[in-house]
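Shown next, in structure tokens, is the structure this report addresses.
Bear in mind that the values in this text are calculations on the coordinates, not laboratory data. Quick caveat, the model's predicted, so the values are computed rather than measured. Counting neighbours? That spans all protein chains shown, and the Cβs are built from the backbone with ideal geometry, glycine included.
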Amino acid sequence: MTSQWMTGYCTNVHAGTDIAQIRNNLDRIAVPVREQLRTPSMGVGLWIPAEAASELASPNAAADFAVWLADRQLIPFTINGFPYGNFHQPIVKHRVYLPTWWEAARRDYTLQLAEILHRILPADLPGSISTLPLGWGEPLPSRDQMQQAAANLQQVAKRLEQIEQESGRRIVIAIEPEPGCAIDTTDDMIGFFDEYLPAANLRRYLTVCHDICHAAVMCEEQSVVLQRYADAGIGIGKVQVSSAIEVPWHAMDADAQRAAIEQLSGFAEDRYLHQTTVVSESGEQHLVEDLPELLGRADPVHDHSWRIHFHVPIYLDRFGQLHATQQAVVDCIAALSTTKGLDFSGHLEAETYAWGVLPNELKVDNLADGIAHEMRWLQEQIGS
């Protein structure tokens with residue numbers, strides 16, 4: 001079964017919002033990664049923000065891009081349609097959740113991405129487009145907003161159904177739960193589908209993007225999550241292979257705790273939101289919106305552990321006093337092959353977008369080297 005899986009890395013790690021910058025980044029980074037992996041072709045998960053999507057809206061522009069990608073043996077099997085604007089501006093934080101799915105701009109952008117992917121995908125491949133889990137969770141969206149979000153998703157599904165009827169190609173939207181968002185747990189996702197998207201014909205095109213890091217931050221067991229989606233009749237359109245930070249406070253003495261706090265300060269950066277689940281000594285969990293909120297009161301720490309939404313390289317198991325949730329990646333890959341009744345596209349996308357904001361001790365001199373290391377590690381795990 002794993003022989004049918006398609007792997008690649010997500011290019012939202014590249015800065016650049018227009019098509020010229022996207023091409024330049026693929027030449028500078030993706031092509032050297034493929035060469036390091038010594039593979040005749042390589043999957044890439046394209047990040048095409050709204051500005052570049054507008055440039056690729058014409059059939060000729062998309063066709064030219066398809067030829068350009070093929071010349072470099074890059075296979076654009078999936079698109080990350082979550083970040084709409086500049087994902088590498090100095091401060092992103094909550095801006096990444098805009099526009100929401102109850103706004104027409106999100107629907108129209110996703111429809112554009114579907115047309116682009118339809119035109120650039122090799123003829124015999126299915127495609128996937130990941131997207132945000134409706135919007136940020138505070139304030140919680142109203143029922144009217146949830147209904148409008150579902151209506152917008154249904155419009156996209158209808159267009160994807162037309163594409164499949166016309167071409168035989170199936171492209172799916174994959175909704176990505178994220179800590180703190182309107183949908184951040186498996187319960188939330190199943191509840192949304194059951195209430196707003198119950199029809200089987202919609203679920204052929206509306207699926208879940210399972211981000212391993214996000215589920216780990218929410219302390220969800222990977223195999224349980226996948227089985228619950230299978231039992232609910234919800235497909236997995238894409239798995240984003242990513243790893244969170246885990247801080248096992250309960251296993252540290254006072255000196256180790258102080259060292260861990262100092263180390264964590266290097267991850268409390270300004271660009272991205274780093275939602276953190278705090279697990280108390282009694283096992284209770286609560287989500288804190290951003291890591292810096294915790295660090296000011298973190299000496300000493302009486303919690304059992306923290307799990308932090310910071311995508312660290314997937315080949316890491318431990319660094320200093322901190323751990324990565326690498327075992328969750330291993331567990332998820334195993335469960336993808338064994339979960340009964342799971343409708344999985346086979347799309348696996350390494351998504352370590354935070355290379356540029358990692359503390360200095362974890363940075364790599366050459367981004368292509370770091371990504372190639374991740375891809376080799378991932379391929380070893382799936383046995384390809």
Residue-span extension gain [Gln155 to Asp194] - 0.36 nm each, minus C-alpha spacing: 12.3 nm
Segment 94-237, relative contact order [Cα under 8 Å, separation at least 6], %: 25 percent
Label-point separation, Ser167 to Asp317 (7 Å along Cα→Cβ), nm: 4.3 nm
Computed FRET value (nearest 0.05) for Ser58 with Glu281, which takes r as the C-beta separation and R₀ as 51 Å: 0.30
Separation of the Ala232 and Leu295 label points, Cα + 7 Å toward Cβ, nm: 3.4 nm
Flagged links, alpha-carbon separation over 28 Å, of Lys93/Lys363; Lys340/Lys363; Lys93/Lys340: Lys340/Lys363; Lys93/Lys340
Neighbour-count order for Thr17, Thr110, fewest beta carbons within 10 angstrom listed first: Thr17, Thr110
Longest site-free stretch - the chain; sites: GluC sites (Glu not before Pro), DSSP loop, at most 13 other Cβ within 10 Å: 1-280
Loop trypsin sites (Lys or Arg not before Pro), segment 282-384 (other Cβ atoms within 10 Å of the site Cβ: 10 or fewer; DSSP): Arg297, Lys340
Segment 247-305, relative contact order in percent, only Cα pairs under 8 angstrom and at least six apart counted: 45 percent
For segment 174-303, average projected area of the Cα convex hull in nm²: 8.9 nm²
Net lengthening on full extension, Glu103/Asp27 (0.36 nm per residue, minus Cα-Cα): 23.9 nm
Relative contact order (%) - the chain, alpha-carbon pairs under 8 angstrom, separation at least six: 19 percent
Fully extended contour minus Cα-Cα distance, from His88 to Glu35, at 0.36 nm per residue: 16.5 nm
Rh (Kirkwood; distinct C-alpha pairs) - the chain, Å: 21.0 Å
Normalised per residue, the volume of the convex hull around the Cα set of segment 117-258 (Å³): 140 Å³
